[in-house]
Amino acid sequence: MKKLFFLLALLGVCLGQICGQTKYASKNKKAIAAFKEGQEFFLWEKYTAATERLEYALKLDPKFLDCYFALADIYKSQRRYKEQLKILEAGIAIDSTFYPMAYYSAGVALCKMGQDTASIRYFDLYKRFANPKRMRKDVDMWVNHAKYVRYLIEHPVPFKPEHVSKNILPGYDLYWPSLTLDENELVLTALRPNNPEEYRRNPNMPKSARHFQEDFCMAIRDENGEWGILQDVTDINTRYANEGAQALSPDGQWMFLTICGREDSEGSCDIYFSRRTKTGWTKPQNIGQPVNTSAWESQPCLSADGQTLYFVSGRKGGIGSHDIWSAKIKGFKENGLPIFEPVKNLGATINTEGDEASPFIHPDNRTLFFSSTGWEGMGGYDIFVSRRDNDTAQWNAPLNIGYPINTSNDELGLIVNTAGNRGYYSTEVEHGDGRLIKELFCFEIPEAHRPNVVSYIAGKVYDEETLKPLSAKLELLDLSTGRKVTISESRPADGTFMLNMPSGNDYALISTKENYLHHSETFALKEVKEKGGKVYLDMPMTPIRVGAKIPLKNIFFEFDRTNLKPESFVELNKVLVLMQDNPNLTIEIGGHTDNKGSVAYNNKLSADRAKSTAQYLISKGIDANRIKTNGYGMSQPIADNSTDEGRALNRRIEIKIVE
């Protein structure tokens, strides 16, 4: 309906020229001239000037009905629904039959204002005064919508939104939050006026590319939990393009972002990639096909395991005009740019004939929050939640997250913290000078819609000898399948890292870096169904040199046996890669035990286990002459044998470089 009345009026002008006359609801020539000027200003989105000319026309002729309904279109374009309804009712009061579409517009305006029950009266009047056969479907849709809204309002969910911080209230729009796993780094899209002085004079000027620029800003939370002042992400922001709708990887190392109108773009808006370095962020690179096309791509979200990108696209082959799609990362180019598998539409369980937007996949990797105009809701974009079935990998039917989280306005860009209990999003706040500003809020997620509890690991990778921080690759692997659960990197500047760790399986965490022996840790969470919070550990890495040795913490044997358990293959494959990448390397595999049993027994058990470990590598093509074995029994403990924990540490396999 945007600009509908003006378009009809312009059509009337054209038909009038053909027939030799133009009909208006006024004979005042000055009023008609002012009306035409208002038309022109509106078509150029100069709303203030258009409003002034139309109000002047009404001053000249208070019964000039065309002006009432034209002003209603302007207010609708500005989402000033109260003013729209008021001017529509004023026009209807003068002549209830002049423009029957006004009843329909008044009903929609009431829905947008959240007064859905009252809207039904106007839809009934529209049916009475107009011939609504052509729009019967739309009218019935709005009536059913009004009834559903009444149900949502009568069954509200708990909702007490609070501003995230007084330091994150800059006086202009902030939206599209992205958050690290530890909730200590926040990146936002900022919509700032190109001319701040003009914005102060005209707070209701349209928020279009002509008047505003999108950029990124970041806030850091300190040790006391207080958010710092917003800082521009100057490595990425430009003066000539809009950068927005970003997704920060959960560890804060990568950023997928949307840039529109660049020379290297595939379409109008494309998704780009930037990586954190010691000195800042790299120049954004277009990730190219198959994610980007000649259509519109935007609103990326990276799964917490670092392996799947969700995004919104207007490409052909979708269900609606804008659908949610996904693409798996299958590798990386030499310049660090990710390579993607073919994209997949999330299907009719998620996407509709309407528009879907702002996908957010929680770190549990099965709970998806998104916004939609196609699923039944309060109006505009509502927030929905869907869960992926563990057995079928199919998405369940989306659920409306509820009123008053969802309103008659657009709710977009919700993200949820790792614990699953707190959400962040932006919504418009009306200020005293008439400005509507999107501000960042947080709130408790209703119990029924909370994702699974997820733990995360944080720590530091460093050189064991020099203590200097290292940038290393980290992989969390499922010990039962060998599948990569999460991939990440430690930060080049300080060696720190974060990665999520879902409950319900046993995992190996392994760090690798060229010219270093890998470092491994093990996590037994198979019987843990709900475990949240942070696990901190350091990952010291040993340079490859003669005499260097490391324990293999994910080598497992049956009690009192020498056969390797299949779970051991995950880490042994890292040793295999070490041997393949360093063909001149010779290692010793040493077996160690606790102090249970005799010396002779433990010496034999440890020696046989070392041989069993070596045999796996030999079976994979490593020359047997490059592997020596030794059984040390209980002679080299690394922990106290008086506790179960100490004895478990002493039962181990180590590798040592001997040549």
*Got a sec to turn the phi values of region 513-520 into Karplus ³J(HN,Hα) couplings, 6.51 cos²θ - 1.76 cosθ + 1.60 with θ = phi - 60°, whole Hz, x for Gly and Pro?*
7, 4, 6, 10, 6, 5, 10, 10
*Relative to the first principal axis of the alpha-carbon coordinates of the chain, what is the inclination of helix 65-77, with its axis defined by its Cα atoms, in degrees from 0 to 90 and to the nearest 10?*
10
_Give me the percent relative contact order of the chain, please, defined on Cα pairs under 8 angstrom at least 6 residues apart._
8
*Would you mind classifying region 358-409 by shape? Square roots of the alpha carbon gyration tensor eigenvalues, ordered a ≥ b ≥ c; an a/c under 1.5 is rounded, otherwise it is prolate if a/b is larger than b/c and oblate if not.*
prolate
*Calculate how steeply helix 569-581 sits against the longest principal axis of the alpha-carbon atoms of the chain, using the helix alpha-carbon long axis, and give the answer as 0 to 90 degrees to the nearest 10.*
80
_Given the -39500 (n - 2.57) contribution per DSSP H run of 4+ residues, what per-residue ellipticity at 222 nm results for the chain, rounded to the nearest 500 deg cm²/dmol?_
-8000 deg cm²/dmol
*asked:* For a quick check: with amide H placed at 1.01 Å from N, whose amide H comes under 5 Å from ALA25's, ignoring anything fewer than 5 positions away on the same chain?
replied: LEU65, ASP66
_Give the residue list of GluC sites (Glu not before Pro) in region 536-634 that are DSSP loop and have at most 16 other beta-carbon atoms within 10 angstrom._
GLU558
*asked:* Can you divide the C-alpha Rg of the chain by 2.2 N^0.38 Å and report the result to two decimal places?
replied: 1.22
*asked:* Loop only by DSSP, 14 or fewer other Cβ within 10 Å of the Cβ. Give me the trypsin sites (Lys or Arg not before Pro) in region 346-421 that pass, ordered by residue number.
replied: none
*Measure out, as a whole number of angstrom, how far apart the alpha-carbon centroids of region 60-81 and region 546-611 sit.*
81
*Calculated FRET efficiency, ASN204 and ARG150, Cβ-Cβ r, R0 51 Å, to nearest 0.05?*
0.95
*Placing +1 at every Lys and Arg Cβ and -1 at every Asp and Glu Cβ, with all other atoms neutral, what dipole size does the chain have around its Cα centre, in debye to the nearest 20?*
1480
*Could I have the simple spin-label model distance between THR496 and ASP581, label points 7 Å from Cα toward Cβ, reported in nm to one decimal?*
2.6
*First check a/c for region 55-185, with a ≥ b ≥ c the square roots of the eigenvalues of its C-alpha gyration tensor; if it is under 1.5, answer rounded, and if not, answer prolate when a/b is larger than b/c or oblate otherwise.*
oblate
_region 184-238 and region 476-509: distance between their alpha carbon centers, rounded to Å_ = 33
*Loop sites in region 433-539: trypsin sites (Lys or Arg not before Pro), DSSP, at most 15 other Cβ within 10 Å*: ARG483, LYS526, LYS529, LYS531
*HIS322 long-range amide H proximity, modeled H, under 5 Å*: GLU356
*Can you run phi through the Karplus equation (6.51, -1.76, 1.60; θ = phi - 60°) for region 638-649 and list ³J(HN,Hα) in whole Hz, with x for Gly and Pro?*
10, 8, 6, 7, 7, 10, 4, 5, x, 5, 4, 5
*For the chain, what is the percent of antiparallel DSSP beta bridges, rounded to the nearest 5?*
90
_Between 0 and 90 degrees, rounded to the nearest ten: what's the tilt of helix 81-94 against the longest Cα principal axis of the chain?_
20
*What full-extension length gain, to one decimal in nm, is calculated for ILE544 and GLU52 as 0.36 nm per residue of separation minus the Cα-Cα distance?*
169.5 nm
*Residue separation times 0.36 nm, minus the C-alpha to C-alpha distance between ASP391 and ALA93: what's the value?*
101.2 nm
*asked:* Along the charge dipole of the chain, pointing to its positive end and built from +1/-1 on Cβ of Lys, Arg, Asp and Glu, which listed residue (PRO566, GLN307, ALA610) has its Cα farthest out?
replied: GLN307
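Read the figures in this text as sums done on the coordinates, not as results from a lab. No experiment lies behind these values; they were computed from the predicted model shown. Cβ coordinates were reconstructed from backbone atoms using ideal geometry, including for glycine residues, and neighbour counts include every protein chain displayed.
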